[in-house]
Each structure stands twice: as structure tokens, then as C-alpha cells.
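Below is one structure, written out as C-alpha cells; comments come after it.
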Amino acid sequence: MLKIENLHATVGGKEVLKGLDLEVPAGEVHAMMGPNGSGKSTLSYVIAGRDGYEITKGRILFDGKDTAEMEPEERAAAGLFLAFQYPVEIPGVTTTNFLKTALNAVRKARGEKELDAVAFLKLQKEKTAALGIDTLMLKRGLNVGFSGGEKKRNEVLQLTMLSPKFAVLDETDSGLDIDALKIVAEGVNSLRGADRGFLVITHYQRLLDYIKPDRVHVLAGGKIVKSGGPELALELEKDGYGVFAEQNGKAA
């Protein structure tokens, strides 16, 4: 589903990703772990097509298509989703209006019928109840004044509403208490299936106690330096990233 070949990428003229190879088949959840500055967030932004993150060599294939030919909105319409580490605030746009606009834009791009207000609100009510989200939050400006946990729950609400083919979660567990962590994990697990893939980027094992990965990869110095099963995350929790410090160098 997602295949990355010899990926090199720069940010502000500095090379961060230095020959990264990764393949995540449909139906699998892969976890990406690594020390600070190893390039994890850069990878997520490059996959999503964020401005300022330039691919200088290699390619990213999604469902066999080179994403270099796709604008960010085209990637979203094709089924790619990114949950940000630091979700942005959009004053003046309520969460409900944002969700309705985003969902119908994706449906329209896929040739599907847009949802009317009644159908949308029914779907939103179902998803918010499952995630334990206060409906009053939906009337507020998107992420404006939200706590860290509220922002992350809102990201997962977007994920469950849009139901993408492939989701990249960039440190979604950051700043969450254990109860919020479980709710976020339940939202992700509810979407697991044979036709969907996930790349979960995290520093810590604790998220992987609730979102069980099929494979775990260690990113250091802009490359994947080790891969294994779920037990690899437990080893990292125990031993830390010290062994990868030399590979990591000064990557950003």
C-alpha cells in the first residue's frame, strides 16, 4: 500500500532523510520509533506533501502511484491522512464546519455523494460518542483553546470520520494521560482492517500497548537502521536509543 524507496529529503536546505526504505502493506500497522532528531516528523510531512519538505532522491508510492505527482489535497482524496504532532488552530472555523467541509471534499473527489446536514450530524454524533468527545467542543473554533488531549482526540475524530486508506500518526500519544491514550487507541483500532494501513510514529512503548503493531522500525540518522516484531519496541523501552546515537548523528 505504501512503499518508500531510497528516500532522501531536505528541510531548509539541510538533508534529513538519507536513503530511507519502508514498505507497509495493506492490513498492517507499522510503528516508527527513534531518538529525537532522527527524522520521524520529517518523514510524516514528506508523505503528506507539506511545503518546505523537498524530496531530492527516491520516491514514495501509494497504491502504486508516485506521490510526487500529487498535491496534498490529491493525496488526501486518494486516502492518505496525517494526524499532526502539533495540530494547528483555526479561529473562526468551528470543528463541525471543518469536519463537514473536509469530509464532503474528500467524498466529492472520490466521486461519492456529499452528505447533507442530517446525515453528517448523525455520523458525527456516532463518532464523538465512541471517542468520549464532549459535543460542546464541536462548536468551538478548530483546536482553539483545546488542551493537548482535546487536540489529539479531535485528530482521531477526523481520522474516524474520514476513514482513510492509510493513516500516519505523528506522535499522537504526546501529552496524553492514560485515559485519553486508551480512547485514542480505541479509535485507531476501530479502523484496522485488511484494506487499511497505519504508520504510527512514537517515542514510547506505552502507545503500542494499546495499538499492537505488526512491525516496528527504528529510524536514526535519516535511515531505518533496524526492524523487527513488536518485541523490538519492548527492547527499546528497556535499553533506550543509546546504541543508535552514532547513527543518528546530527540529523534533524
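Please treat every number below as a calculation from the coordinates, not as lab data. Computed from a prediction, not measured in an experiment: that's the story for all the values here. Neighbour counts are summed over all protein chains in view; Cβ atoms, including those assigned to glycine, are modelled from backbone coordinates with ideal geometry.
Structure above, values below:
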item	result
Cleavage-rule hits, trypsin sites (Lys or Arg not before Pro), segment 171-226, DSSP coil, Cβ neighbours within 10 Å at most 16	Arg192
Angle between the chain longest axis and helix 95-109 axis [Cα atoms, degrees, rounded to 10]	80 degrees
Gained length - Glu5 relative to Asp21, 0.36 nm times residue gap less alpha-carbon distance	5.3 nm
Alpha-carbon Rg with Dmax, taken over segment 69-190, Å	13.8, 41
Between helix 148-162 and the chain: long-axis angle, C-alpha atoms, 0 to 90°, nearest 10	80 degrees
Selected from Thr135, Thr172, Thr95 as most flexible by GNM, with the chain as the system and alpha-carbon contacts under 10 Å	Thr135
Full-stretch length increase - Ile178, Arg206 - with 0.36 nm per residue and alpha-carbon distance subtracted	9.2 nm
Cross-link table Lys14/Lys226; Lys100/Lys125; Lys139/Lys182; Lys65/Lys165, entries beyond 22 Å C-alpha to C-alpha	Lys14/Lys226; Lys139/Lys182
Mean separation of Cα contacts under 8 Å, 6 or more apart, over the residue count of the chain: relative contact order %	30 percent
Check: segment 15-63 dipole with +1 on Lys, Arg Cβ and -1 on Asp, Glu Cβ, in debye	160 debye
Given the chain, longest segment not containing exposed loop GluC sites (Glu not before Pro) (DSSP; at most 13 other Cβ within 10 Å)	115-252
Additional length obtainable on full extension of the chain from Lys139 to Lys238, 0.36 nm per residue less Cα span	31.3 nm
Where labels lie 7 Å past Cα in the beta-carbon direction, separation of Glu126 and Asn189 in nm	2.1 nm
Three semi-axes of the equivalent ellipsoid, segment 3-143, Cα gyration tensor, whole Å, largest first	32, 18, 15
C-alpha long axis of helix 117-131 to longest principal axis of the chain, angle in °	50 degrees
Pairwise Cα inverse-distance average, inverted: Kirkwood Rh of segment 104-146 (Å)	11.9 Å
